[in-house]
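Participant: Before we start, here is the structure in question, set down as structure tokens.
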Amino acid sequence: MANKKIGIMTTGGDCSGLNTAIQRLVEGCVRRKWSVIGIKDGTDGLYENPPMTVDLSRETFQFASSHLAGSILSNGNAASTNFVKSAAAGKMGAFNKRLQKGIKDLNLDAMVIIGGNGSLSLSHLYREIYSGLQLVCIPKTIDMDVPLTDKTIGFDTAVQQLVSYCDQLLLTARSHHRWFVVQTMGRECGQLALHSGVAVAADAILIPEIKFDIDNLIKYIKQSRRDYGIIMVSEGISIRGHSGKPADMVSRKLTAAGIANRTAFPEHIQRAGDTVASDRILASAFADTALKAIESGETNVMTVVQNGEYKTISLDEFFKSGKQEKDPHIIGAMTSNAYVEPDNILLQIATDMGIYIGEKKK
Ligand code: F6P
């Protein structure tokens, strides 16, 4: 096995499971006698001259335990020159060239990028940055909006965080005969709200993919056998004629209908929490798959899990198979997104559980 030099970056929003993935990659490199470095702050650190790097070895994880959330490599620094600012200034060409130079200076054989759909899309669209080395991506995001993979690192831990949070809320909700409107993250994708809502047996789950009728929701709550509970609201939903936070909008409507309620915003706690077992297993499997892909000479690929099978697919396939939409932050860039599909089994399960999920089309 020829000696190789591998770089690892974590890009986009953090989530739990990044450190597990990094630790498994490092261990796999050490076992193969490959050298491995981390790039600090993702592409923000790669842009620096010289690029900001971190030495990685088995010792790295002796104290910084790999089950802790966040990334020991950090995910970016808003103060840096980055994709967002460069695109806004019309300087993407110069930015990309600088990243290319960073890659060259580091003399890497392969780069592993652990990123969400934004990062994966950028890695595909601006793949010339990584020409000359093997590029292998690993999907992570609490939003689980990456096409063609059944799971992304960080999702299960985020669901667990929301479950623990709602379990606590329900105790006070019951004591005060009131409802909690809990706003989850997830951007325009309802997976996080849907999964956590089913897990806590919420009374209602509102997600961007399904139209709902606020009057029907109110009717449902009034007819409920309880006078307290959880209404899980994804941050991506909207009510015509209302602006502001979706949970506030729903809460105001409930209050106007005489339903005692409070809002709750778990916010970035969803990206934290000790990595749950299934995320550790996923991170281990993705790291293993990524290293094997490097060994067999693959490039411009990402790891996925499909029906229990771990494998790689091309970034091109990933990009083409999702819904291609304007990147919300990077002018001129596109992102490939996945959503809750109408045949998602959890929609049926939620309905069967008596959870209000909106006006589902039969
Ligand atoms: O994409 C991950 C995510 O946590 C989304 O669910 C959320 O909308 C967004 O990032 C929050 O981003 P920030 O940390 O920049 O506020």
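Participant: Looking at (1) in contact (Cβ under 8 Å) with a residue 24 or more places away in the chain; (2) surrounded by 19 or more Cβ atoms within 10 Å (Cβ to Cβ), find the lone condition where Thr289 falls short.
Facilitator: Going through (1) in contact (Cβ under 8 Å) with a residue 24 or more places away in the chain; (2) surrounded by 19 or more Cβ atoms within 10 Å (Cβ to Cβ) one by one, Thr289 breaks only (1).
Participant: To continue, here is another question. What residue, of Thr11, Thr53, is within 16 Å of the ligand (Cβ to nearest atom) and of a type in the set (Val, Ile, Thr)?
Facilitator: Exactly one of Thr11, Thr53 is within 16 Å of the ligand (Cβ to nearest atom) and of a type in the set (Val, Ile, Thr), namely Thr11.
Participant: While we're here: Which of the residues belonging to the stretch 73-83 are over 26 Å from Val26 (Cβ atoms) and crowded, with 17+ Cβ neighbours inside 10 Å?
Facilitator: Within the stretch 73-83, Thr81, Phe83 qualify.
Participant: Does Ala199 fit the bill of being surrounded by fewer than 17 Cβ atoms within 10 Å (Cβ to Cβ) and within 21 Å of Arg271 (Cβ to Cβ)?
Facilitator: yes
Participant: Quick one: Gly273 ticks every box in (1) buried (at least 17 other Cβ atoms within 10 Å of the Cβ); (2) at negative phi except a single one, so which number is it?
Facilitator: The number of the failed condition is (2).
Participant: Listed residues Tyr339, Tyr356; which is in contact with a Pro (Cβ under 8 Å, 6 or more places away or on another chain), over 30 Å from Ala2 (Cα atoms) and of a type in the set (Phe, Trp, Tyr)?
Facilitator: Within the list Tyr339, Tyr356, the selection yields Tyr339.
Participant: For the structure I just gave you, tell me whether Ile237 is part of a loop (DSSP other than H, G, I, E, B), among the aliphatic types (A, V, I, L, M) and either in contact with an Asp or Glu (Cβ under 8 Å, 6 or more places away or on another chain) or at pLDDT 95 or above (or both).
Facilitator: It is true that Ile237 is part of a loop (DSSP other than H, G, I, E, B), among the aliphatic types (A, V, I, L, M) and either in contact with an Asp or Glu (Cβ under 8 Å, 6 or more places away or on another chain) or at pLDDT 95 or above (or both).
To keep it simple, each residue is scored yes or no on (1) in contact with a helix residue (DSSP H, G or I) (Cβ under 7 Å, 6 or more places away or on another chain); (2) at pLDDT below 95; (3) among the β-branched types (Val, Ile, Thr).
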position	(1), (2), (3)
Ala21	yes, no, no
Glu27	no, no, no
Arg31	no, no, no
Phe61	yes, yes, no
Ser71	yes, no, no
Val84	no, yes, yes
Ala87	no, yes, no
Met92	yes, yes, no
Leu106	no, no, no
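Participant: Looking at the stretch 131-151, is at least one residue more than 16 Å from the ligand (Cβ to nearest atom), surrounded by fewer than 22 Cβ atoms within 10 Å (Cβ to Cβ) and in a helix (DSSP H, G or I)?
Facilitator: no
Participant: Let me ask you something else. Out of the residues in the stretch 308-362 that are hydrophobic (A, V, I, L, M, F, W, C) and part of a loop (DSSP other than H, G, I, E, B), state the one that is farthest from Lys91 (Cα to Cα).
Facilitator: Restricting to residues being hydrophobic (A, V, I, L, M, F, W, C) and part of a loop (DSSP other than H, G, I, E, B), the top hit is Met353.
The rows are residues; the columns are (1) assigned to a strand (DSSP E or B); (2) within 25 Å of Leu169 (Cα to Cα); (3) away from the ligand (no atom under 16 Å from the Cβ); (4) not assigned by TED's automatic domain parsing to the domain that holds Phe180.
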position	(1), (2), (3), (4)
Gly244	no, yes, no, no
Arg262	yes, yes, yes, no
Ile281	no, no, yes, yes
Ser284	no, no, yes, yes
Leu291	no, no, yes, yes
Glu298	no, no, yes, yes
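Participant: Go over the candidates Gln306, Gln348 one by one and state the one that is of a type outside the set (A, V, I, L, M, F, W, C) and in the same structural domain as Ile230 (by TED's automatic domain parsing).
Facilitator: Gln348
Participant: Residues that are among the polar types (S, T, N, Q), in contact with an Asp or Glu (Cβ under 7 Å, 6 or more places away or on another chain) and outside any loop (DSSP other than H, G, I, E, B): does the stretch 196-212 have at least one?
Facilitator: no
Participant: Please work out which residue is farthest from the ligand (Cβ to nearest atom), limiting yourself to the stretch 104-124 and to residues that are in contact with a strand residue (DSSP E or B) (Cβ under 7 Å, 6 or more places away or on another chain) and either in a helix (DSSP H, G or I) or farther than 16 Å from Met9 by Cα (or both).
Facilitator: Leu106
Participant: Now for a different question. Can you name the residue in the stretch 261-286 that is under 30 Å from His177 (Cβ atoms) and among the β-branched types (Val, Ile, Thr) and is also nearest to the chain's Cα centre (by Cα) among such residues?
Facilitator: Of everything passing the filter in the stretch 261-286, Ile269 is nearest to the chain's Cα centre (by Cα).
Participant: Separate question: Return the pair list, or none, for Cβ contacts closer than 7 Å from residues in the stretch 133-154 that are farther than 18 Å from Glu209 by Cβ to residues that are in a strand (DSSP E or B) and within 10 Å of the ligand (Cβ to nearest atom), at least 6 apart or on different chains.
Facilitator: Listed pairs, sorted by first residue: Ile153/Lys140; Gly154/Lys140.
Participant: Could you grab me the full set of residues in the stretch 254-291 that are in contact with a strand residue (DSSP E or B) (Cβ under 6 Å, 6 or more places away or on another chain) and of a type in the set (Ser, Thr, Tyr)?
Facilitator: Selection gives Thr263, Thr289.
Participant: Going through Asp215, Asp203, Asp227 one at a time, which residue ends up being of a type in the set (Asp, Glu), free of Cβ contacts under 8 Å to residues at least 12 places away in the same chain and away from the ligand (no atom under 16 Å from the Cβ)?
Facilitator: Asp215
The values are calculated or read from the model by the stated rules, or taken from the named source; none is laboratory data. From a predicted model like this one, the values you see are computed outputs, not experimental measurements. Note that we place each Cβ from the backbone using ideal geometry, even for glycine, and neighbour counts take in every protein chain shown.
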